[in-house]
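Just below is one structure, and these are the notes that go with it.
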Amino acid sequence: MPRIKLDLPASTLFECDISVRITDINYGNHLANNALLGLMHEARLLWLRSLGFQNEMDIGGAGLILCDAAVVFLHEAFYGDLLHIRLAVDEISKTRFELYYDVTNQDQRIAKAKTSMASFSYNERKIISLPDSFRQTLACSGALVS
């Protein structure tokens, strides 16, 4: 079966550094797949905080919810490694956008990933339109807007 292919957008939305904690290590003595998803979540929250939002529950009148995720592992990461996570965005629609993650350490690319994020009303429990101001922030990154 062929591997998933992810093409990372060239533009950068946000960058941060996060260390691999001992609790991120699995029985293979390397970064666990579920821990990488947690580190991606942390990077996403740091990006939202850089925009002035406290969390994913309110991005200007709506929340965000993760619809799906794809991860391509390329190399191992180990306890204490400092991971550099670059976020990029593409395929912005009325209700959703694709958020890409380029995860590297000092020497190599560890993983590429993508999450599909949707605007969500936690009160109504349904997907709703992205707030205009948030959609404009995403669009300023040079992403494909439909």
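Tabulated data
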| item | result |
| --- | --- |
| Every pair of residues 6+ apart whose Cβ atoms lie under 7 Å, when the first sits in the stretch 1-28 and is under 12 Å from D90 (Cα atoms) while the second is of a type in the set (S, T, N, Q) | S11/S141; L13/S141 |
| Elements of type strands (runs of 3 or more DSSP E) in the stretch 49-144, at least 1 residues being more than 25 Å from A10 (Cα to Cα) and touching a residue at least 12 places away in the same chain (Cβ under 8 Å) | 63-73, 109-121 |
| The stretch 17-67 - residue that is among the small types (G, A, S), touching a Ser or Thr at 6+ places or on another chain (Cβ under 8 Å) and under 19 Å from R135 (Cβ atoms) and, of those, modelled with the lowest pLDDT | G60 |
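Yes or no, residue by residue, for (1) among the β-branched types (V, I, T); (2) exposed (fewer than 15 other Cβ atoms within 10 Å of the Cβ):
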position	(1), (2)
Y79	no, yes
V89	yes, no
N105	no, no
I110	yes, no
A118	no, no
E124	no, yes
I128	yes, no
P131	no, no
S141	no, no
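The rows are residues; the columns are (1) within 23 Å of T137 (Cα to Cα); (2) within 14 Å of the chain's Cα centre (by Cα).
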| residue | (1), (2) |
| --- | --- |
| C16 | yes, yes |
| N26 | no, no |
| M57 | yes, no |
| V71 | no, yes |
| L82 | no, no |
| L99 | yes, yes |
| A118 | yes, yes |
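The values are calculated or read from the model by the stated rules, or taken from the named source; none is laboratory data. Worth saying up front: this structure is predicted, and the values here are computed from it rather than measured. Here the Cβ is made from the backbone with ideal geometry for all residues, glycine too, and neighbour counts use every protein chain on show.
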